[in-house]
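Peer 1: The following block contains the structure, expressed as structure tokens.
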Amino acid sequence: MKPADHPSKEAWETHYTRPKAKLSYPDENLVRMLSRISPSSSNPKALDFGTGSGRHCILLKDFGYEVSAADYSENSIQNVKDSYPWAKTFLLNSPPYPFSDDDFDLIVSWGVLHYNSPDLAKSMLDDTFRILKKGGYLAASVRAEGDTHLKAEKGKIGTTDLAGGSTWFYSKENIQDLLQNFSSFELGYTERTPLGKLDERICHWIFLAKK
């Protein structure tokens, strides 16, 4: 979910043509988050912001939301249209996004913001705040400082599957600053190693923020 003229766009368009990118199962941490909240309206709407493979569309539908899915990758959106034709899809560029103020009860931004520069990530988050209803929730994850799995150097991803992509890692203080406009938020941290690669770390902040 980066603007269409971002230099790493080609890396993501290629990524979403690979079988590896077509994830089918939701993240277990997101499942736990959504189990803790109730929609704030009788016909709740959710936006999967940076939908990627669309793996969270079914989860959102199962929790009773009318589902919209958005990404800046054309291949991502086409995959979602093919796999989940009942979801509304949006090909996005830079903010502001083509949604009304107070439009969604829930916005999911899972593994999205850290692939954008800090300034752009802040602009993206500010606009998702705008389109979120009062009392609505943002459920999100971002890469945390200490991550070695992406082999990032000077903001560039070093893994072969995302070569040419960009990434930035966040501290606890960075996340708290990003979320200062929300009425409340809860923050968590996850760290794991890939199977057979005990020297690598995959680190994320996860958070649930209420407008």
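The values are calculated or read from the model by the stated rules, or taken from the named source; none is laboratory data. Quantities reported herein were computed from a predicted structural model and do not represent experimental measurements. In this analysis, Cβ positions are derived from the backbone assuming ideal geometry, glycine residues included, and neighbour counts consider all displayed protein chains. All accessible areas refer to the heavy atoms of the entire protein, side chains included, with ligands and DNA or RNA removed. Shrake-Rupley method; radii C 1.70, N 1.55, O 1.52, S 1.80 Å.
Peer 1: So, by mean Cβ neighbours within 10 angstrom, what's the order for 159-166, 99-106, 45-52 with the highest one leading?
Peer 2: Numbers: 159-166: 15.5, 99-106: 17.4, 45-52: 25.9.
Ranked from most to least packed, the peptides come out as 45-52, 99-106, 159-166.
Peer 1: Taking every DSSP beta bridge that has both residues in the chain, what percent is antiparallel when rounded to the nearest 5? List each step's numbers first, then the result.
Peer 2: On the way: 18 of 37 bridges.
Among the beta bridges of the chain, antiparallel pairing accounts for roughly 50 percent.
Peer 1: Computing the accessible area with a 1.4 Å probe over protein heavy atoms, can you report the carbon and sulfur percentage for the chain? Can you show the working numbers first?
Peer 2: Working: 4930 of 10200 Å².
Exposed carbon and sulfur together represent 48 percent of the surface.
Peer 1: LYS172 to SER94: extension gain in nm, 0.36 nm per residue of separation minus the Cα-Cα distance? Let's see the in-between values first.
Peer 2: Values: separation 78, 0.36 × 78 = 28.08 nm, distance 2.58 nm.
In short, 25.5 nm is gained.
Peer 1: Quick check: from the Cα gyration tensor, does the chain come out rounded (a/c under 1.5), prolate or oblate? Intermediate results must be reported in sequence, preceding the final value.
Peer 2: Numbers: a/c = 1.44, a/b = 1.23, b/c = 1.17.
Rounded shape, in that the Cα axes give a/c under 1.5.
Peer 1: Per residue, how much accessible surface does the chain expose to a 1.4 Å probe? Answer in Å², no decimals. Please list the in-between numbers first.
Peer 2: Numbers: 10200 Å² over 211 residues.
Accessible area per residue, the chain: 48 Å².
Peer 1: Still on this model: Is the range 18-107 rounded, prolate or oblate when judged by the Cα gyration tensor, a ≥ b ≥ c being the square roots of its eigenvalues, rounded requiring a/c under 1.5 and prolate requiring a/b larger than b/c? Intermediate results must be reported in sequence, preceding the final value.
Peer 2: Numbers: a/c = 1.87, a/b = 1.17, b/c = 1.59.
Cα axes put the range 18-107 in the oblate bin.
Peer 1: Where both partners of a DSSP beta bridge lie in the range 23-107, what percent of those bridges are antiparallel, to the nearest 5?
Peer 2: Working: 0 of 11 bridges.
Roughly 0 percent of the beta bridges in the range 23-107 run antiparallel, per DSSP.
Peer 1: Also: Can you flag which of LYS122/LYS210; LYS81/LYS156; LYS122/LYS156; LYS61/LYS88 are past 23 Å Cα-Cα? Walk me through the numbers before you get to the answer.
Peer 2: Numbers: LYS122/LYS210 17 Å; LYS81/LYS156 30 Å; LYS122/LYS156 19 Å; LYS61/LYS88 12 Å.
Where the Cα-Cα span goes over 23 Å, the pairs concerned are LYS81/LYS156.
Peer 1: Further question on the same structure: Shape verdict for the range 151-196, please, from the Cα gyration tensor: rounded (a/c under 1.5), prolate (a/b greater than b/c) or oblate. If you can, show how the numbers build up before the last one.
Peer 2: Working: a/c = 3.35, a/b = 1.75, b/c = 1.92.
Oblate shape, in that a/c is at least 1.5 and b/c is the bigger or equal ratio.
Peer 1: Based on the alpha-carbon gyration tensor of the range 101-166, what equivalent-ellipsoid semi-axes (square roots of 5 times the eigenvalues) come out, in whole Å, largest first? Present the calculation step by step, with values, prior to reporting the outcome.
Peer 2: Numbers: eigenvalues 160, 26, 17 Å².
Rounded to whole Å, the semi-axes are 28, 11, 9.
Peer 1: What value, in deg cm²/dmol to 500, does the helix sum -39500 (n - 2.57) over DSSP H runs of n ≥ 4 give at 222 nm once divided by the residues of the chain? Intermediate values should be presented prior to the final figure.
Peer 2: Working: 6 runs with 51 residues, N = 211.
Helices in the chain give a 222 nm mean residue ellipticity of -6500 deg cm²/dmol.
Peer 1: Here is a further query. Could you compute the FRET efficiency for THR159 and ASP101, with r as their C-beta to C-beta distance and R0 at 30 Å, rounded to 0.05?
Peer 2: 0.20
Peer 1: For LYS122, LYS134, LYS211, write out the residues from largest to smallest accessible area, computed with a 1.4 angstrom probe and no ligands counted. Before the final figure, lay out each step's value.
Peer 2: Working: LYS122 70, LYS134 155, LYS211 30 Å².
Solvent-accessible surface, decreasing: LYS134, LYS122, LYS211.
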